[in-house]
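Student: Dropping a structure here in structure tokens format, bear with me for questions.
The values are calculated or read from the model by the stated rules, or taken from the named source; none is laboratory data. This one's a predicted model, so the numbers in the text were calculated from it and none came from an experiment. Glycine also receives a Cβ, built like all others from the backbone with ideal geometry; neighbour counts cover every protein chain displayed.
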Amino acid sequence: MGQSVNDSCPATKNVSTNQWILRIALALGATTGIYVGVICWVSRGHIESVLSRISLWLFLEVMCLVCMGWTVRFFRWQYFVHILKWKVPWGDSLIAFVASFAFSLTPGKAGEIVKSVLLRTKHDVSLSQGGGILIVERIGDLLAIFLLALGGLKLLDTGREYFLFFATCILFFAVVLSQRFLSKRICSRLHHFKRLTYFVTKIQEMLESCGTLLRPQIFFPSLLFALCAWSAEALAFHCMLGVFGLSPHLFISASIFGVATFVGALSALPGGLGSFEAVAILLLANLGLSVASATLLVVFFRLCTIWFGSAVGLVALLLWHSILARGQKGPTKGATPVALVYNESKDSCSTEPADGKFFSYFKQS
């Protein structure tokens, strides 16, 4: 097998890995500071009483459940890797998977495509297929969250029909993507445009991988993985409600979590910031919890999930760069990481050694 070629061809500036990691860390720190600062200002006067209820045991209990959910998601990712016959060691796959958490604060978690990008620096994997995995993961996540949210729809005065509408659209989208003949027919027509041939080929590869992963015998086990992973976070949310004096049924707690997460996902805001919090606080207030207490509860929960996950992802990203820089593990046999160079005058792409930098793929000739 020859050189592995990157799956896209735009020309961007060559930015070193260290600069990118520094930028991610600064953006994460600034966003976290603003987020916590605004919430603390809104809930001023209630912080001390709320913090007194948060014990070390509660923190460890919540973190164990959150990590359990991450573990299940990793098994789903590894399941897809196995289906697509990627020859990637478990260790590399795990580090790349966790490193993608650093990009969770992107609309629809689209930044998690970085796990395929990272693996590309050491192994002969397809970014087009990685994009297909990401799409199927998001479909499975949305359907699993909707199943958790079903019971909570009765807590909403309005908007139930919108939930059902979007869930139907997601299901319809999944069915369409699973029909491989449709993607082949569309791409075959686009191939008539010669300047689009390269991109159409990659899109077709991505759609074919979607079709493979959305086959019922493959997709339903992955949906079960997603349901278990999100249920673990819903259980963590339920544990926190008990400490704050609420004693709803587990089904209700999971429904509140599901409704808030579903709205956050549909809002297309980075990490569902603002939309998740607003819906969760509204539903908790309807259960009798004060707005200030509900606000701080939701913030603590988010710090334990998406914010902590982003920090862990950043550490894994540094670990990956460190391993790559030291050259402790070389690429798989027959796969040579390369950078893709776009030549504007010839409107074509060529490759050159990537020099171990996973953010230097795209260079302009």
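Student: Quick one: what pairs do we get from segment 109-122, first residue on the phi > 0 side of the Ramachandran plot, second of a type in the set (F, W, Y), C-beta under 8 Å, 6+ apart or different chains?
Tutor: K109/F103
Student: Which residues, counting only those in segment 201-218, are surrounded by 19 or more Cβ atoms within 10 Å (Cβ to Cβ) and of a type in the set (A, V, I, L, M, F, W, C)?
Tutor: M206, L207, C210, L213, L214
Student: Another one. Scan (1) surrounded by fewer than 15 Cβ atoms within 10 Å (Cβ to Cβ); (2) out of contact with any Leu (no Cβ under 9 Å at 6 or more places or on another chain); (3) at pLDDT 65 or above; (4) not acidic (D, E) for the single condition R73 breaks and write down its number.
Tutor: Going through (1) surrounded by fewer than 15 Cβ atoms within 10 Å (Cβ to Cβ); (2) out of contact with any Leu (no Cβ under 9 Å at 6 or more places or on another chain); (3) at pLDDT 65 or above; (4) not acidic (D, E) one by one, R73 breaks only (1).
The rows are residues; the columns are (1) within 25 Å of F74 (Cα to Cα); (2) in contact with a Lys or Arg (Cβ under 6 Å, 6 or more places away or on another chain); (3) modelled with pLDDT under 90.
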site: L223; (1), (2), (3): yes, no, no
site: V243; (1), (2), (3): no, yes, yes
site: H249; (1), (2), (3): no, no, yes
site: G258; (1), (2), (3): yes, no, no
site: G264; (1), (2), (3): yes, no, yes
site: A278; (1), (2), (3): no, no, yes
site: L283; (1), (2), (3): no, no, yes
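Student: Which condition from (1) more than 28 Å from R120 (Cα to Cα); (2) crowded, with 19+ Cβ neighbours inside 10 Å is the one that C228 breaks?
Tutor: Evaluating C228 over (1) more than 28 Å from R120 (Cα to Cα); (2) crowded, with 19+ Cβ neighbours inside 10 Å leaves (2) as the failure.
Student: So is G245 of a type in the set (G, A, S) and either within 22 Å of W86 (Cα to Cα) or buried (at least 17 other Cβ atoms within 10 Å of the Cβ) (or both) or not?
Tutor: no
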